[in-house]
């Protein structure tokens, strides 16, 4: 995507009070800032009925997801404003689903459905129905597992994963891994993540998710570890196996010092999700720190801890992370 590419606005033919925002192809660090600014300007101009049309969007990173969360959170604070998200591709939906936000957003399969729903709702309505695309995606793709049958263990609490800290963890074993050193600026991260994804001979339906996760880990190392200084190296050890992906990424920074705090934040977040307490979940949408800039939303680790199903481990210095995923 060109950095100058902008989201577009159209007025709905069926109802001129409805604004349709068309997102761009890559909803990333650059375009997400423009999307938030664009949306905020429309709110300030008095628009109150929105459809975010993601037809064009094929790539969504944590910054892009943060922009969608920003839009959703802004709407939830105003009972007279209505929004729907439409035409979300299966790969983008998977990113949303990894962060357990699929039932938070009001999602419709297409713009026509979104228009029909909005026209049925009075602007002053306090209770907006939530429409989930989960069933639709399950019907047209094989990327989602079928819903599990209810059992007698329904009341058991969720199994909540945690980030570990252990220099001697097996995931830090570099035996058999390839090694590469990158010198990256923020705008070159995508190239490196694509390289890592393409070196791993995994099935095609895993490539997009793998590239996204590699990108987020590299972005953290470049932005927060090396502070964007491209003369500082990023060390990467990676697997080239068919049945799993194994990455170790090390930067030169001070490391992620609030892992324990993040673990507790994530535990509370997952308890809200498990109990379907979506009102309280609004307080656990993003984990931010003093070192974050205004464009950081802290959502990357939420999807990472679900994606890397064999664990996420930091070293004691906390400037190196090891992750592993077994493919089905």
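The values are calculated or read from the model by the stated rules, or taken from the named source; none is laboratory data. In this text the structure is predicted, and so the values were computed from the model without any measurement. Because the Cβ atoms are built from the backbone with ideal geometry, glycine has one as well, and the counts that use them run over all protein chains shown.
Below is a table of values for the structure above.
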read-out: Scan of segment 43-71 for residues that are farther than 14 Å from residue 25 by Cα and more than 14 Å from the chain's Cα centre (by Cα), ordered by number; value: 43, 44, 45, 46, 47, 48, 49, 50, 51, 71
read-out: Boolean, residue 143 is within 30 Å of residue 236 (Cβ to Cβ), assigned to a loop (DSSP other than H, G, I, E, B) and at pLDDT 85 or above; value: no
read-out: Qualifying residue in segment 121-128 (condition: touching a strand residue (DSSP E or B) at 6+ places or on another chain (Cβ under 7 Å), modelled with pLDDT under 70, surrounded by 15 or more Cβ atoms within 10 Å (Cβ to Cβ) and not in a strand (DSSP E or B)); value: yes
read-out: Qualifying residue in segment 297-316 (condition: under 18 Å from residue 195 (Cβ atoms) and in a strand (DSSP E or B)); value: no
read-out: Verdict on residue 308 being under 20 Å from the mean Cα position of the chain (by Cα), outside the structural domain of residue 71 (by TED's automatic domain parsing) and in contact (Cβ under 8 Å) with a residue 24 or more places away in the chain; value: yes
